[in-house]
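Below: one structure, written as structure tokens.
The values are calculated or read from the model by the stated rules, or taken from the named source; none is laboratory data. Everything quoted here is computed from the prediction, not taken from an experiment. Methodologically, a virtual Cβ is constructed for each residue, glycine included, from the backbone with ideal geometry; neighbour enumeration extends over all protein chains shown.
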Amino acid sequence: NAGVTQTPKFQVLKTGQSMTLQCAQDMNHEYMSWYRQDPGMGLRLIHYSVGAGITDQGEVPNGYNVSRSTTEDFPLRLLSAAPSQTSVYFCASRLGFLHNEQFFGPGTRLTVL
Amino acid sequence: GQQVMQIPQYQHVQEGEDFTTYCNSSTTLSNIQWYKQRPGGHPVFLIQLVKSGEVKKQKRLTFQFGEAKKNSSLHITATQTTDVGTYFCAESGGSNYKLTFGKGTLLTVNP
């Protein structure tokens, strides 16, 4: 098993550009989440999904879109990048309800100029 | 999810000293998880506590869940340089749909 994979590892964008951060897991996990990590702020939940076709907002959803068309994939879209979105982004997955062990991907370090 | 407060934010110790980080909530937690993130790495699950007063050990690490299920602690005995990293607690709230993380405690160890 590859676990949770994320691409790209690094990305530099200009303000206003759009892009998609890719996330995939091969563990047949129901739940998937996106977090951003900023210094001193810990891990903040952006969006999450409890199954294919089901997504919901987390703590900091503005400026981001998600979709979950398959169990395996959970892409995060930045519609119009802003410098405030400079951060490290982690995708995570877990088996499902009452299974709280969350597996994280290696992260994407995004810089918006 | 509910908000969990972690203290301290930073802790620097000499190798061999003990270390403790605390996670506190104003409301009752259904469960609590602990994660470790090495510098430049991603968070890795350590353990989950569910029962009131629960104590679990992993080698030099001891995890406790308070009797009232409003606080938890992670204690490391005789720290080593390999313990360096940020330790996070997380809770899933009543719905269990999403995990909310504390801000973490950064541990540095002087060899």
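Computed quantities for the displayed model
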{"item": "Given (1) at the interface with chain A (Cβ under 9 Å from one of its Cβ atoms); (2) on the phi > 0 side of the Ramachandran plot, number of the condition B:Gly16 does not satisfy", "result": "(1)"}
{"item": "Scan of region A:30-64 for residues that are assigned to a loop (DSSP other than H, G, I, E, B), closer than 25 Å to B:Gly40 by Cα and either of a type in the set (Val, Ile, Thr) or touching a residue at least 40 places away in the same chain (Cβ under 8 Å) (or both), ordered by number", "result": "A:Val60"}
{"item": "In region B:64-111, the residues that are within 29 Å of A:Tyr31 (Cβ to Cβ), in a strand (DSSP E or B) and touching a residue at least 60 places away in the same chain (Cβ under 8 Å)", "result": "B:Tyr87, B:Phe88, B:Cys89, B:Ala90, B:Glu91, B:Thr100, B:Phe101, B:Thr105, B:Leu106, B:Leu107"}
{"item": "Index of the failed condition, A:Thr70 passing every other in (1) of a type in the set (Val, Ile, Thr); (2) surrounded by 14 or more Cβ atoms within 10 Å (Cβ to Cβ); (3) out of contact with any Leu (no Cβ under 8 Å at 6 or more places or on another chain); (4) outside any strand (DSSP E or B)", "result": "(2)"}
{"item": "Those residues of region B:1-33 which are hydrophobic (A, V, I, L, M, F, W, C) and surrounded by fewer than 20 Cβ atoms within 10 Å (Cβ to Cβ), in sequence order", "result": "B:Met5, B:Ile7, B:Val13"}
{"item": "Region B:85-111, residues that are more than 30 Å from A:Ile54 (Cβ to Cβ) and surrounded by fewer than 18 Cβ atoms within 10 Å (Cβ to Cβ)", "result": "B:Thr108, B:Asn110, B:Pro111"}
{"item": "Any hit, region A:21-40, residues being on the phi > 0 side of the Ramachandran plot and of a type outside the set (A, V, I, L, M, F, W, C)", "result": "yes"}
{"item": "Residue that is farthest from A:Leu95 (Cα to Cα) [pool: residues in region A:6-53 that are buried (at least 21 other Cβ atoms within 10 Å of the Cβ) and of a type in the set (Phe, Trp, Tyr)]", "result": "A:Tyr35"}
{"item": "B:Val44 over 27 Å from A:Asp38 (Cα atoms) and within 12 Å of chain A (Cβ to nearest Cβ)", "result": "no"}
{"item": "Residue in region A:81-105 that is modelled with the highest pLDDT, counting only those that are at the interface with chain B (Cβ under 9 Å from one of its Cβ atoms), within 18 Å of B:Ser92 (Cα to Cα) and in a loop (DSSP other than H, G, I, E, B)", "result": "A:Gln102"}
{"item": "Strands (runs of 3 or more DSSP E) within region B:1-52 that include 2 or more residues hydrophobic (A, V, I, L, M, F, W, C)", "result": "B:5-7, B:19-24, B:32-37, B:44-49"}
{"item": "Qualifying residues in region A:1-29 (those that are part of a strand (DSSP E or B) and hydroxyl-bearing (Ser, Thr, Tyr)) - the one nearest to B:Thr105 (Cα to Cα)", "result": "A:Thr5"}
{"item": "Hits in region B:4-31 - residues which are modelled with pLDDT of 95 or more and aliphatic (A, V, I, L, M)", "result": "B:Ile7, B:Val13"}
{"item": "Residue within region B:55-63 that is in a strand (DSSP E or B), facing another protein chain (nearest Cβ under 9 Å) and modelled with pLDDT of 95 or more present", "result": "no"}
